[in-house]
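Bear in mind these aren't lab numbers, they're just calculated from the coordinates by the rules spelled out. Everything numeric in this text was worked out from a predicted model, so none of it was measured. Quick reminder, even Gly has a Cβ in these numbers, built from the backbone with ideal geometry, and neighbours come from all protein chains shown.
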Amino acid sequence: MVKREITKELLLSSKKYPVVTITGPRQSGKTTLVKKVFPKYAYYSLEDPDVRELALSDPRAFLRNAGKGIIIDEIQKAPQMLSYIQGIVDSSKKNGRFILTGSQNFQLMHSVTQSLAGRTALLCLLPFTFKELSDIKKNISMDELLFQGFYPRIYDQKLDPSKAYKAYYQTYVERDLRALINIKDVRLFQKFTRLCAGRVGQIFNASALASEVGVSVPTINSWLSILQESYIVFLLEPYHSNINKRLIKSPKIYFYDTGLASYLLGIDNVAQMARDPLRGNLVENMVIMEMIKHRFNQGVDHNLYFYRDNHQNEVDVIFKAGSNLLPIEIKSSETFNVDFLKGLSYIKSVFPKNITRQVLIYGGDKEQLGKEQIILNYRHSAEVFSI
């Protein structure tokens, strides 16, 4: 069984807070993680209708099992339980008593912030990192990573990625989305999600999508919000500074997993991936998500942005640490080209006092740890935070 990198932070949080709440996409491994880390805790899944009915009919009796510790999966299915949990933790000084998980971020966070503010640590578990995946599958190529994605079940059960992501997407649409919003025409929503995949790594333009799908801009924004809260898509915000008033203000859209994005793009195998015109965008997506996973596994915000001005000067990622900025450029090529450094050199000239080092992440194996410029292989993307 793969040891998840978030384990250390999960254990630490359980010693400091009475409740630990873990969010993340469906099938990212939340249940497996908490059962492994807390094997002696009572476990209940509110996905089970019988368990949910029992919990809601007599919550005090249900929570009596929390004496030694209790894991409650999919807590957003019964948000009323959170008020009773609040009462228990307020009358007890025991930390780590409740471990909660949920996969619908909006519903979960709205309820948690109302009932458990200051009482719970909040963690987010995403699919496998490069390191976690390497523990179970060696020598996997870049194109295989892009196509297969990082969801544990793909590898644990040796699933066909195309069939697995088809089932994942259809289940998500049929069950989760219809429970959240009233979609009158599922066909239009499906078109919208595929068009989002076709814009991976690009500026999100709600007006253009509304015109292409045939719905209103508010509808597009509503659908986008649902995709975000359900851990399907992720928006990377632009970096803003008073130094430059001409920055692009719309976010860029990425997917939490390249395997799902590949399915939505109609990529059926690794050979097609190698020839797909959006391969470079998917590599960028994969690297950015690796960096986000690393930050989330440490229990901190990602603090990642992108830079682009009205003259099309662009840097893929800006990591902000206080007043310091670390610009990061991402290329899918296995061969280094000096032109890859142009954007990094430009942004250094814009923020000379805030930037001391610049990073290029690419598909090649030759790495360089220079005083100002660092070149890393994409598998070492998370190392940008420790250089």
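Remarks
- Tilt relative to the chain, helix 81-90 - C-alpha long axis, 0 to 90 degrees, to 10: 80
- Dmax and Rg, reported as Rg then Dmax, of region 304-385 (C-alpha, Å): 12.0, 34
- Size of electric dipole in region 262-365: Cβ of Lys, Arg +1 and of Asp, Glu -1, about Cα centre, debye, nearest 20: 380
- Considering only E329, E212, E229, the mean-square fluctuation computed in a Gaussian network model of the chain, springs between alpha carbons under 10 angstrom, is largest for E212.
- Both radii are taken from the alpha-carbon atoms of region 1-138; with Rh as the Kirkwood radius, Rg/Rh is 0.97.
- Among V112, P49, L123 the positive-end extreme of the charge dipole of region 7-124 (Cβ point charges): L123
- Charge tally in the Cβ shell below 14 Å around F385, where Lys, Arg are +1 and Asp, Glu are -1, F385 excluded: +1
- Bins of 10 Å, starting at 0 and running to the largest distance - Cα pair percent for region 130-287: 10, 37, 34, 16, 4, 0
- Of P49, P238, P18, the one that fluctuates the most in a GNM where the chain has Cα springs shorter than 10 Å: P49
- Gained length - R194 relative to D301, 0.36 nm times residue gap less alpha-carbon distance: 35.7 nm
- Seen from all directions on average, the chain presents a Cα convex hull projection of 20.3 nm².
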